[in-house]
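Here is the structure we will look at.
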Amino acid sequence: MNVNKNYKNLNESYLFSNIAKKVNDFALKNSDMEIIKLGIGDVTLPLCPAIIEALHNAVDEMARKETFKGYGPEQGYDFLKTSIQNYYKNFEVSLDLNEIFISDGAKSDLGNILDLFDKDNSCLVPDPVYPVYVDTNMMAGRRIIFIDANEENEFLPLPNEKIKADLIYICSPNNPTGAVYNKEQLKKWVDYALKNNSIILFDSAYESFIDDNNLPRSIYEIEGAKNCAIEFCSFSKTAGFTGTRCGYTIVPKELVFDNMSLNKMWLRRQTTKFNGVPYIVQKAAAAVFTEEGQKQIHENLNYYKQNAKVISGTLDKLNIKYTGGKNSPYIWLKCPNNMNSWDFFDLLLNKIGVVGTPGSGFGKNGENWFRLTSFNTLEKTQEAMERFYNLFK
Ligand code: PLP
(Lines give C-alpha, C1' and ligand atoms only; values in the text may rest on other atoms or scores of the structure.)
Protein backbone atom coordinates (compact mmCIF):
# COMPACT_ATOMS: atom_id res chain seq x y z
CA MET A 1 0.00 0.00 0.00
CA ASN A 2 1.37 3.39 -0.97
CA VAL A 3 -0.17 6.61 0.22
CA ASN A 4 -0.50 9.64 -2.02
CA LYS A 5 2.82 11.28 -1.21
CA ASN A 6 1.81 14.46 -3.01
CA TYR A 7 0.13 15.42 0.24
CA LYS A 8 3.62 15.88 1.67
CA ASN A 9 4.18 18.72 -0.76
CA LEU A 10 1.21 20.74 0.43
CA ASN A 11 2.10 23.94 2.19
CA GLU A 12 0.66 24.02 5.65
CA SER A 13 -1.41 27.20 5.74
CA TYR A 14 -0.79 29.06 8.95
CA LEU A 15 -2.41 32.24 7.69
CA PHE A 16 -5.72 32.16 9.53
CA SER A 17 -4.40 30.35 12.61
CA ASN A 18 -1.61 32.95 12.94
CA ILE A 19 -4.15 35.73 12.63
CA ALA A 20 -6.40 34.13 15.26
CA LYS A 21 -3.48 33.71 17.66
CA LYS A 22 -2.32 37.31 17.31
CA VAL A 23 -5.89 38.59 17.75
CA ASN A 24 -6.44 36.44 20.87
CA ASP A 25 -3.16 37.58 22.45
CA PHE A 26 -4.04 41.19 21.76
CA ALA A 27 -7.57 40.78 23.15
CA LEU A 28 -6.24 39.31 26.40
CA LYS A 29 -3.96 42.29 26.98
CA ASN A 30 -6.33 45.01 25.73
CA SER A 31 -9.78 44.26 27.06
CA ASP A 32 -10.68 47.97 26.81
CA MET A 33 -10.37 48.11 23.02
CA GLU A 34 -13.09 46.70 20.77
CA ILE A 35 -11.47 44.64 18.04
CA ILE A 36 -13.08 45.05 14.62
CA LYS A 37 -12.62 42.26 12.09
CA LEU A 38 -12.39 43.32 8.47
CA GLY A 39 -10.71 40.05 7.53
CA ILE A 40 -13.98 38.13 7.40
CA GLY A 41 -14.39 36.12 4.18
CA ASP A 42 -17.78 34.75 5.20
CA VAL A 43 -21.15 36.43 4.83
CA THR A 44 -22.78 37.70 8.03
CA LEU A 45 -26.37 38.61 7.06
CA PRO A 46 -28.99 35.86 7.52
CA LEU A 47 -30.81 34.17 4.65
CA CYS A 48 -33.53 36.44 3.30
CA PRO A 49 -37.24 35.78 3.96
CA ALA A 50 -38.10 34.38 0.50
CA ILE A 51 -35.39 31.73 0.94
CA ILE A 52 -36.49 30.86 4.48
CA GLU A 53 -40.09 30.48 3.29
CA ALA A 54 -38.99 28.14 0.48
CA LEU A 55 -37.02 26.07 2.99
CA HIS A 56 -40.04 25.76 5.31
CA ASN A 57 -42.31 24.76 2.42
CA ALA A 58 -39.83 22.17 1.21
CA VAL A 59 -39.54 20.70 4.72
CA ASP A 60 -43.33 20.39 4.80
CA GLU A 61 -43.24 18.60 1.44
CA MET A 62 -40.80 16.10 2.90
CA ALA A 63 -43.29 15.41 5.69
CA ARG A 64 -46.09 14.27 3.35
CA LYS A 65 -46.21 10.94 1.55
CA GLU A 66 -47.49 12.55 -1.68
CA THR A 67 -44.68 15.11 -1.90
CA PHE A 68 -41.82 13.32 -0.15
CA LYS A 69 -38.57 13.14 -2.18
CA GLY A 70 -35.97 10.37 -2.02
CA TYR A 71 -32.82 10.22 -4.14
CA GLY A 72 -32.85 13.12 -6.59
CA PRO A 73 -30.99 13.54 -9.87
CA GLU A 74 -27.30 13.95 -8.96
CA GLN A 75 -26.95 16.79 -11.47
CA GLY A 76 -29.82 18.74 -9.90
CA TYR A 77 -33.57 19.21 -10.27
CA ASP A 78 -34.86 20.80 -13.46
CA PHE A 79 -36.74 23.52 -11.54
CA LEU A 80 -33.44 24.96 -10.28
CA LYS A 81 -31.58 24.40 -13.54
CA THR A 82 -34.37 26.23 -15.40
CA SER A 83 -34.06 29.21 -13.01
CA ILE A 84 -30.31 29.32 -13.67
CA GLN A 85 -30.87 29.00 -17.41
CA ASN A 86 -33.21 32.01 -17.29
CA TYR A 87 -30.77 33.98 -15.12
CA TYR A 88 -28.04 33.54 -17.75
CA LYS A 89 -30.41 34.97 -20.38
CA ASN A 90 -30.01 38.30 -18.57
CA PHE A 91 -26.47 38.46 -19.88
CA GLU A 92 -27.40 36.98 -23.24
CA VAL A 93 -25.91 33.59 -22.54
CA SER A 94 -27.97 30.66 -23.73
CA LEU A 95 -27.47 27.34 -21.94
CA ASP A 96 -28.99 23.92 -22.37
CA LEU A 97 -30.41 22.45 -19.17
CA ASN A 98 -27.97 19.55 -19.42
CA GLU A 99 -25.01 21.94 -19.44
CA ILE A 100 -25.96 23.04 -15.90
CA PHE A 101 -24.88 20.91 -12.92
CA ILE A 102 -26.05 21.75 -9.40
CA SER A 103 -23.30 21.39 -6.79
CA ASP A 104 -22.87 21.79 -3.06
CA GLY A 105 -20.63 24.78 -3.78
CA ALA A 106 -17.88 26.06 -6.01
CA LYS A 107 -15.03 24.73 -3.87
CA SER A 108 -16.06 21.07 -4.26
CA ASP A 109 -16.47 21.28 -8.01
CA LEU A 110 -13.25 23.29 -8.51
CA GLY A 111 -11.46 20.40 -6.86
CA ASN A 112 -13.51 17.54 -8.33
CA ILE A 113 -13.34 18.75 -11.94
CA LEU A 114 -9.69 17.70 -11.95
CA ASP A 115 -10.92 14.07 -12.20
CA LEU A 116 -11.53 14.80 -15.89
CA PHE A 117 -7.97 15.80 -16.69
CA ASP A 118 -4.75 13.88 -17.05
CA LYS A 119 -2.21 14.25 -14.28
CA ASP A 120 0.40 15.28 -16.83
CA ASN A 121 -1.45 18.46 -17.75
CA SER A 122 0.18 21.66 -16.57
CA CYS A 123 -1.93 24.29 -14.92
CA LEU A 124 -1.60 28.05 -14.81
CA VAL A 125 -2.49 29.79 -11.59
CA PRO A 126 -2.24 33.51 -10.86
CA ASP A 127 -0.27 34.68 -7.83
CA PRO A 128 -1.80 35.88 -5.46
CA VAL A 129 -4.58 33.32 -5.50
CA TYR A 130 -7.49 31.57 -3.76
CA PRO A 131 -5.45 28.64 -2.30
CA VAL A 132 -7.86 25.86 -3.41
CA TYR A 133 -6.62 26.02 -7.04
CA VAL A 134 -3.06 25.37 -5.91
CA ASP A 135 -3.73 22.70 -3.29
CA THR A 136 -6.10 20.57 -5.38
CA ASN A 137 -3.50 20.35 -8.15
CA MET A 138 -0.71 19.65 -5.68
CA MET A 139 -2.75 16.72 -4.30
CA ALA A 140 -2.88 15.27 -7.82
CA GLY A 141 0.84 15.88 -8.35
CA ARG A 142 0.18 18.23 -11.25
CA ARG A 143 2.73 20.79 -12.44
CA ILE A 144 1.74 24.33 -11.47
CA ILE A 145 2.95 27.39 -13.35
CA PHE A 146 2.42 30.66 -11.54
CA ILE A 147 1.65 33.82 -13.46
CA ASP A 148 2.30 37.19 -11.81
CA ALA A 149 -0.66 39.32 -10.84
CA ASN A 150 0.86 42.56 -9.60
CA GLU A 151 0.67 46.33 -9.49
CA GLU A 152 1.99 46.67 -13.06
CA ASN A 153 -0.86 44.64 -14.55
CA GLU A 154 -3.35 45.88 -11.93
CA PHE A 155 -3.62 42.29 -10.68
CA LEU A 156 -5.15 41.19 -14.00
CA PRO A 157 -2.49 39.13 -15.77
CA LEU A 158 -2.94 38.48 -19.49
CA PRO A 159 -1.74 35.48 -21.47
CA ASN A 160 1.85 35.22 -22.56
CA GLU A 161 2.38 33.05 -25.64
CA LYS A 162 5.74 31.93 -24.25
CA ILE A 163 4.01 30.29 -21.29
CA LYS A 164 2.00 27.21 -22.29
CA ALA A 165 -0.52 25.61 -19.97
CA ASP A 166 -3.34 23.09 -20.32
CA LEU A 167 -5.58 24.23 -17.48
CA ILE A 168 -5.98 27.94 -16.72
CA TYR A 169 -7.58 29.31 -13.57
CA ILE A 170 -9.31 32.67 -13.78
CA CYS A 171 -11.25 34.18 -10.90
CA SER A 172 -13.15 37.39 -11.67
CA PRO A 173 -14.13 39.33 -9.55
CA ASN A 174 -11.01 38.10 -7.85
CA ASN A 175 -10.40 36.84 -4.37
CA PRO A 176 -8.18 38.26 -2.85
CA THR A 177 -7.54 41.29 -5.11
CA GLY A 178 -11.08 42.36 -6.00
CA ALA A 179 -9.84 43.00 -9.57
CA VAL A 180 -12.33 42.31 -12.40
CA TYR A 181 -11.50 41.44 -16.02
CA ASN A 182 -13.25 43.39 -18.76
CA LYS A 183 -14.51 41.71 -21.94
CA GLU A 184 -11.47 42.61 -24.06
CA GLN A 185 -9.12 41.13 -21.47
CA LEU A 186 -11.14 37.94 -21.10
CA LYS A 187 -11.27 37.62 -24.88
CA LYS A 188 -7.46 37.45 -24.87
CA TRP A 189 -7.62 34.48 -22.50
CA VAL A 190 -10.32 32.78 -24.57
CA ASP A 191 -8.29 33.26 -27.77
CA TYR A 192 -5.19 31.90 -26.04
CA ALA A 193 -7.07 28.83 -24.77
CA LEU A 194 -8.61 28.13 -28.19
CA LYS A 195 -5.24 28.44 -29.88
CA ASN A 196 -3.42 26.23 -27.38
CA ASN A 197 -6.11 23.60 -26.82
CA SER A 198 -6.35 24.65 -23.14
CA ILE A 199 -9.30 24.72 -20.78
CA ILE A 200 -10.18 27.78 -18.72
CA LEU A 201 -11.61 27.04 -15.29
CA PHE A 202 -13.55 30.24 -14.65
CA ASP A 203 -14.55 30.98 -11.06
CA SER A 204 -17.42 33.48 -10.99
CA ALA A 205 -18.27 33.06 -7.28
CA TYR A 206 -18.46 36.87 -6.87
CA GLU A 207 -20.31 37.77 -10.09
CA SER A 208 -23.29 39.15 -8.19
CA PHE A 209 -21.11 41.96 -6.82
CA ILE A 210 -20.65 43.38 -10.32
CA ASP A 211 -22.55 46.66 -10.79
CA ASP A 212 -20.90 47.85 -13.96
CA ASN A 213 -22.99 46.44 -16.81
CA ASN A 214 -20.02 46.57 -19.18
CA LEU A 215 -18.13 43.99 -17.11
CA PRO A 216 -18.71 40.31 -17.88
CA ARG A 217 -20.45 38.21 -15.20
CA SER A 218 -19.98 35.00 -17.11
CA ILE A 219 -17.12 33.92 -19.36
CA TYR A 220 -19.73 32.77 -21.88
CA GLU A 221 -20.38 36.43 -22.66
CA ILE A 222 -17.12 36.13 -24.60
CA GLU A 223 -17.29 34.67 -28.08
CA GLY A 224 -15.65 31.26 -28.31
CA ALA A 225 -15.74 30.59 -24.55
CA LYS A 226 -18.14 27.68 -24.90
CA ASN A 227 -15.37 25.87 -26.76
CA CYS A 228 -12.77 26.30 -24.04
CA ALA A 229 -14.24 27.14 -20.62
CA ILE A 230 -15.98 25.58 -17.63
CA GLU A 231 -17.65 28.01 -15.24
CA PHE A 232 -18.08 27.58 -11.48
CA CYS A 233 -20.54 29.67 -9.51
CA SER A 234 -22.03 29.64 -6.07
CA PHE A 235 -24.93 30.89 -3.98
CA SER A 236 -22.50 31.35 -1.07
CA LYS A 237 -21.77 35.06 -1.45
CA THR A 238 -24.69 35.86 -3.76
CA ALA A 239 -27.37 34.76 -1.32
CA GLY A 240 -25.64 33.91 1.96
CA PHE A 241 -25.47 30.13 1.36
CA THR A 242 -22.05 29.53 2.96
CA GLY A 243 -23.70 27.35 5.60
CA THR A 244 -26.63 26.15 3.45
CA ARG A 245 -24.39 24.93 0.57
CA CYS A 246 -25.38 25.20 -3.07
CA GLY A 247 -23.66 26.20 -6.28
CA TYR A 248 -23.55 25.30 -9.94
CA THR A 249 -21.09 24.40 -12.65
CA ILE A 250 -21.54 24.92 -16.38
CA VAL A 251 -19.92 22.36 -18.68
CA PRO A 252 -20.78 23.25 -22.30
CA LYS A 253 -21.47 20.41 -24.70
CA GLU A 254 -19.04 21.98 -27.20
CA LEU A 255 -16.13 20.83 -25.00
CA VAL A 256 -14.99 17.73 -26.86
CA PHE A 257 -11.34 16.67 -26.69
CA ASP A 258 -9.85 13.41 -28.03
CA ASN A 259 -13.41 12.50 -29.05
CA MET A 260 -14.51 12.68 -25.43
CA SER A 261 -17.22 15.07 -24.26
CA LEU A 262 -16.31 16.80 -20.99
CA ASN A 263 -20.04 17.31 -20.40
CA LYS A 264 -20.69 13.57 -20.60
CA MET A 265 -17.60 12.78 -18.53
CA TRP A 266 -18.71 15.22 -15.83
CA LEU A 267 -22.22 13.73 -15.79
CA ARG A 268 -20.69 10.27 -15.43
CA ARG A 269 -18.37 11.49 -12.68
CA GLN A 270 -21.14 13.23 -10.75
CA THR A 271 -23.66 10.39 -11.05
CA THR A 272 -20.97 8.01 -9.80
CA LYS A 273 -19.33 9.99 -7.01
CA PHE A 274 -21.77 12.74 -5.98
CA ASN A 275 -25.10 12.33 -4.22
CA GLY A 276 -26.59 15.63 -5.30
CA VAL A 277 -27.75 18.59 -3.23
CA PRO A 278 -30.71 18.09 -0.84
CA TYR A 279 -34.13 18.86 -2.34
CA ILE A 280 -34.88 21.43 0.35
CA VAL A 281 -31.65 23.30 -0.36
CA GLN A 282 -32.34 23.32 -4.10
CA LYS A 283 -35.80 24.73 -3.36
CA ALA A 284 -34.13 27.45 -1.28
CA ALA A 285 -31.72 28.19 -4.14
CA ALA A 286 -34.58 28.42 -6.64
CA ALA A 287 -36.19 31.07 -4.39
CA VAL A 288 -33.12 33.27 -5.02
CA PHE A 289 -34.32 33.71 -8.62
CA THR A 290 -37.92 34.72 -7.85
CA GLU A 291 -38.82 38.41 -8.06
CA GLU A 292 -39.03 38.66 -4.27
CA GLY A 293 -35.81 36.64 -3.83
CA GLN A 294 -33.88 38.86 -6.24
CA LYS A 295 -35.10 41.99 -4.50
CA GLN A 296 -34.14 40.66 -1.08
CA ILE A 297 -30.70 39.29 -1.99
CA HIS A 298 -29.89 42.63 -3.62
CA GLU A 299 -30.74 44.43 -0.39
CA ASN A 300 -28.11 42.27 1.33
CA LEU A 301 -25.61 42.65 -1.50
CA ASN A 302 -26.13 46.43 -1.42
CA TYR A 303 -25.42 46.43 2.29
CA TYR A 304 -22.03 44.79 1.70
CA LYS A 305 -21.39 47.07 -1.25
CA GLN A 306 -22.02 50.09 0.96
CA ASN A 307 -19.40 48.80 3.41
CA ALA A 308 -16.98 48.40 0.51
CA LYS A 309 -17.62 52.06 -0.36
CA VAL A 310 -16.85 53.14 3.21
CA ILE A 311 -13.50 51.34 2.99
CA SER A 312 -12.55 52.48 -0.50
CA GLY A 313 -13.73 56.05 0.26
CA THR A 314 -11.34 56.22 3.21
CA LEU A 315 -8.46 54.89 1.12
CA ASP A 316 -9.25 57.49 -1.58
CA LYS A 317 -9.07 60.27 1.03
CA LEU A 318 -5.71 58.96 2.23
CA ASN A 319 -4.37 58.46 -1.30
CA ILE A 320 -3.68 54.81 -0.57
CA LYS A 321 -3.54 52.65 -3.68
CA TYR A 322 -5.99 49.74 -3.91
CA THR A 323 -7.86 47.44 -6.28
CA GLY A 324 -11.40 46.10 -5.77
CA GLY A 325 -14.00 47.77 -3.58
CA LYS A 326 -16.12 48.29 -6.68
CA ASN A 327 -17.80 45.23 -8.22
CA SER A 328 -16.28 43.15 -5.43
CA PRO A 329 -16.59 42.61 -1.66
CA TYR A 330 -12.78 42.70 -1.34
CA ILE A 331 -10.47 45.70 -1.06
CA TRP A 332 -6.82 44.97 -1.76
CA LEU A 333 -4.63 47.82 -0.61
CA LYS A 334 -0.97 48.63 -0.86
CA CYS A 335 0.51 48.86 2.64
CA PRO A 336 1.47 52.50 3.33
CA ASN A 337 5.21 53.29 3.46
CA ASN A 338 5.92 50.01 1.70
CA MET A 339 5.46 48.08 4.94
CA ASN A 340 5.43 44.33 4.63
CA SER A 341 2.05 42.64 4.98
CA TRP A 342 2.56 41.17 8.47
CA ASP A 343 4.10 44.39 9.89
CA PHE A 344 1.07 46.24 8.58
CA PHE A 345 -1.21 43.62 10.14
CA ASP A 346 0.53 44.14 13.52
CA LEU A 347 0.33 47.90 13.20
CA LEU A 348 -3.42 47.92 12.50
CA LEU A 349 -4.11 45.43 15.28
CA ASN A 350 -1.90 47.06 17.92
CA LYS A 351 -2.68 50.72 17.19
CA ILE A 352 -6.36 50.64 16.26
CA GLY A 353 -7.64 47.10 16.96
CA VAL A 354 -8.56 46.45 13.31
CA VAL A 355 -7.98 43.03 11.77
CA GLY A 356 -7.43 42.34 8.07
CA THR A 357 -5.60 39.66 6.10
CA PRO A 358 -1.93 39.97 5.11
CA GLY A 359 -1.62 39.76 1.32
CA SER A 360 1.50 37.62 1.54
CA GLY A 361 -0.74 34.77 2.74
CA PHE A 362 -2.16 34.50 -0.81
CA GLY A 363 1.18 34.23 -2.64
CA LYS A 364 4.51 36.00 -3.08
CA ASN A 365 2.99 38.87 -5.08
CA GLY A 366 0.73 39.61 -2.13
CA GLU A 367 3.71 40.85 -0.10
CA ASN A 368 3.27 44.55 0.82
CA TRP A 369 -0.47 44.23 0.14
CA PHE A 370 -3.40 43.71 2.48
CA ARG A 371 -6.99 42.47 2.11
CA LEU A 372 -9.99 44.10 3.79
CA THR A 373 -13.51 42.74 3.33
CA SER A 374 -16.95 44.29 3.39
CA PHE A 375 -18.72 41.55 5.35
CA ASN A 376 -18.83 43.20 8.79
CA THR A 377 -21.69 45.51 9.86
CA LEU A 378 -21.91 49.04 8.49
CA GLU A 379 -21.42 50.53 11.97
CA LYS A 380 -18.29 48.51 12.66
CA THR A 381 -16.89 49.13 9.18
CA GLN A 382 -17.41 52.87 9.66
CA GLU A 383 -15.80 52.78 13.10
CA ALA A 384 -12.82 50.76 11.81
CA MET A 385 -12.25 53.12 8.90
CA GLU A 386 -12.51 56.18 11.13
CA ARG A 387 -9.75 54.73 13.29
CA PHE A 388 -7.81 53.86 10.12
CA TYR A 389 -8.18 57.44 8.81
CA ASN A 390 -6.99 58.97 12.06
CA LEU A 391 -3.95 56.71 12.10
CA PHE A 392 -2.79 57.56 8.58
CA LYS A 393 -4.04 61.10 7.95
N1 PLP B 1 -14.12 30.58 -5.17
C2 PLP B 1 -13.61 31.63 -4.53
C3 PLP B 1 -12.74 32.57 -5.28
C4 PLP B 1 -13.87 31.85 -3.17
O5 PLP B 1 -13.35 32.90 -2.54
C6 PLP B 1 -14.69 30.93 -2.49
C7 PLP B 1 -15.01 31.09 -1.06
O8 PLP B 1 -14.54 31.91 -0.35
C9 PLP B 1 -15.18 29.84 -3.19
C10 PLP B 1 -14.89 29.69 -4.53
C11 PLP B 1 -15.97 28.78 -2.48
O12 PLP B 1 -17.30 28.91 -2.66
P13 PLP B 1 -18.32 27.84 -2.05
O14 PLP B 1 -18.73 28.33 -0.71
O15 PLP B 1 -19.42 27.82 -3.05
O16 PLP B 1 -17.62 26.51 -1.99
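The values are calculated or read from the model by the stated rules, or taken from the named source; none is laboratory data. Predicted, not measured: the structure shown is a model, and the values here were computed from it. Here the Cβ positions follow ideal geometry from the backbone for every residue, glycine too, while neighbour counts run over all protein chains shown. Calculation scope for accessible area: heavy atoms of the full protein, side chains included, ligands and nucleic acids excluded. Shrake-Rupley method; radii C 1.70, N 1.55, O 1.52, S 1.80 Å.
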Checklist entry - Cross-link list LYS226/LYS283; LYS195/LYS309; LYS164/LYS253; LYS8/LYS334; LYS22/LYS119; LYS321/LYS351: which exceed 31 angstrom alpha carbon to alpha carbon? => result LYS195/LYS309; LYS8/LYS334; LYS22/LYS119
Next on the checklist: Placing +1 on the Cβ of each Lys and Arg and -1 on the Cβ of each Asp and Glu in the chain, which of PRO173, LEU333, PHE146 has its Cα farthest towards the positive end of the resulting dipole?
Outcome noted: PHE146
Checklist entry - Running Debye on the range 212-286 with equal point scatterers at the Cα sites and no solvent, what base-10 log of I(q)/I(0) appears at q = 0.11, 0.23 Å⁻¹? => result -0.38, -1.11
Item to check | Point-to-point label distance, PHE392-ASP212, nm (Cα→Cβ direction, 7 Å offset) | outcome: 2.1
Checklist outcome for this item: Relative to the chain, whose Cα atoms define the longest principal axis, helix 378-392 and its Cα axis are tilted in degrees, nearest 10, by 40
Checklist entry - When DSSP assigns beta bridges and you keep just the ones with both residues in the chain, what percent turn out antiparallel, to the nearest 5? => result 50
Next on the checklist: Tell me the angle of helix 78-89 to the major Cα principal axis of the chain, expressed in degrees between 0 and 90 and rounded to the nearest ten.
Outcome noted: 60
Checklist entry - With no solvent and one point on each alpha carbon, what is the Debye value of log10 I(q)/I(0) for the range 284-379 at q = 0.14, 0.16 Å⁻¹? => result -0.58, -0.70
Item to check | Apportionment of accessible area to carbon and sulfur, the chain, percent (1.4 Å) | outcome: 49
Next on the checklist: Starting from 0.36 nm per residue, how many nanometres of slack lie between HIS298 and GLU151 once their C-alpha separation is accounted for?
Outcome noted: 49.8 nm
Checklist entry - So how compact is the chain: Cα radius of gyration and Dmax in angstrom? => result 21.5, 67
Checklist entry - Heavy-atom accessible area per residue, the chain, 1.4 Å probe: how many Å²? => result 46
Next on the checklist: On a full-extension model of 0.36 nm per residue, what is the gain between ASN98 and LYS8, subtracting their alpha-carbon distance, rounded to one decimal in nm?
Outcome noted: 28.6 nm
Checklist entry - Rank ARG143, ARG245 by accessible area, highest first, at a 1.4 Å probe radius? => result ARG143, ARG245
Next on the checklist: Can you tell me the orientation of helix 15-29 relative to the chain, as the angle in degrees between its alpha-carbon axis and the longest Cα principal axis, to the nearest 10?
Outcome noted: 40
Item to check | Among ASN137, ASN327, ASN57, residue whose mean-square fluctuation peaks in a GNM of the chain (springs only between Cα atoms under 10 Å) | outcome: ASN57
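Any chance you could tell me what percent of the C-alpha pair distances in the range 339-393 go past 15 Å? Can you show the working numbers first?
Working: 722 of 1485 pairs.
Beyond 15 Å sits 49 percent of the P(r) for the range 339-393.
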Checklist entry - Simple spin-label model, 7 Å along Cα-to-Cβ: PHE91 to THR271 in nm? => result 3.0
